[in-house]
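Undergrad: Okay, here's the structure, questions in a sec.
The values are calculated or read from the model by the stated rules, or taken from the named source; none is laboratory data. Bear in mind the structure is a predicted one, so any value in this text is a computation, not a measurement. Reconstructed Cβ throughout: ideal geometry from the backbone, glycine too, with neighbour counts over all protein chains shown.
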């Protein structure tokens, strides 16, 4: 190994050692909050579900935007715990968003998706 290659290796190793602890701490912190964040998400889902049942599409759409924003804040912890469940939540989230964009949303399909996403999120809350 040349002196230059050794320097590059040592510099890369030092950088990794500086970055790695912060990555590990971030991961640990984000998963600690998952149960509480799951409860927060479930609260929003319930509000959207109530609005769908009432046919109040403006409130349902606004509520789903709230879900999207909250999910964006907390999703990393969910992904760290279970990539499969994370992907399933993302799939249902996108489907619900699309269904709510329709001019005449199908309450039955939305409720079916809500039931699925509620079940997935509830497992993270320990419910």
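Undergrad: Quick one: is residue 91 surrounded by fewer than 17 Cβ atoms within 10 Å (Cβ to Cβ) and closer than 16 Å to residue 118 by Cβ? Spell out the reasoning first.
TA: Details: surrounded by fewer than 17 Cβ atoms within 10 Å (Cβ to Cβ): yes; closer than 16 Å to residue 118 by Cβ: yes.
Taking the combined requirement at face value, the residue satisfies it.
Undergrad: In region 83-112, which residue that is assigned to a loop (DSSP other than H, G, I, E, B) and in contact with a helix residue (DSSP H, G or I) (Cβ under 8 Å, 6 or more places away or on another chain) is nearest to residue 60 (Cα to Cα)?
TA: The first filter runs over region 83-112 and keeps only residues assigned to a loop (DSSP other than H, G, I, E, B), leaving 102-106.
Right, trim to in contact with a helix residue (DSSP H, G or I) (Cβ under 8 Å, 6 or more places away or on another chain) and you get 105-106.
Values: 105: 10, 106: 12 Å.
Residue satisfying both the conditions and the ranking: 105.
Undergrad: Any residue that is assigned by TED's automatic domain parsing to the domain that holds residue 118, closer than 14 Å to residue 123 by Cβ and buried (at least 16 other Cβ atoms within 10 Å of the Cβ) - is there at least one of those in region 45-53?
TA: If we filter region 45-53 for residues that are assigned by TED's automatic domain parsing to the domain that holds residue 118, which is where we start, we get 45-53.
Going one step further and asking which of them are closer than 14 Å to residue 123 by Cβ, we end up with 45.
Applying the additional criterion that residues be buried (at least 16 other Cβ atoms within 10 Å of the Cβ) yields 45.
Looking for residues that are assigned by TED's automatic domain parsing to the domain that holds residue 118, closer than 14 Å to residue 123 by Cβ and buried (at least 16 other Cβ atoms within 10 Å of the Cβ), one finds at least one in region 45-53, hence yes.
Undergrad: Tally the residues that are in contact with a helix residue (DSSP H, G or I) (Cβ under 7 Å, 6 or more places away or on another chain) and either at pLDDT 95 or above or not in a helix (DSSP H, G or I) (or both), restricting the search to region 19-52.
TA: Filtering region 19-52 down to residues in contact with a helix residue (DSSP H, G or I) (Cβ under 7 Å, 6 or more places away or on another chain) leaves 27, 30-31, 33-35, 37-42, 44-45, 47-49, 51-52.
Imposing the further condition that a residue be either at pLDDT 95 or above or not in a helix (DSSP H, G or I) (or both) reduces the set to 33-35, 37-42, 44-45, 47-49, 51-52.
Adding up the residues that qualify gives 16.
Undergrad: Would you please list the contacts, defined by Cβ atoms under 8 Å and residues six or more apart or on different chains, that run from a residue in region 39-68 that is on the phi < 0 side of the Ramachandran plot to a residue that is surrounded by fewer than 18 Cβ atoms within 10 Å (Cβ to Cβ) and in a loop (DSSP other than H, G, I, E, B)?
TA: Within 8 Å, the pairs are 42/127.
Undergrad: Which of (1) modelled with pLDDT of 95 or more; (2) over 18 Å from residue 59 (Cβ atoms); (3) not in a helix (DSSP H, G or I) does residue 120 not meet, given it meets every other one?
TA: Of the numbered conditions (1) modelled with pLDDT of 95 or more; (2) over 18 Å from residue 59 (Cβ atoms); (3) not in a helix (DSSP H, G or I), the odd one out for residue 120 is (3).
Undergrad: To continue, here is another question. Being under 10 Å from the mean Cα position of the chain (by Cα) and surrounded by 14 or more Cβ atoms within 10 Å (Cβ to Cβ) is the filter here, so list the residues in region 69-87 that pass it.
TA: Narrowing region 69-87 to residues under 10 Å from the mean Cα position of the chain (by Cα): 69-79, 85-87.
The answer is 70, 71, 74, 75, 76, 77, 78, 79, 85, 86.
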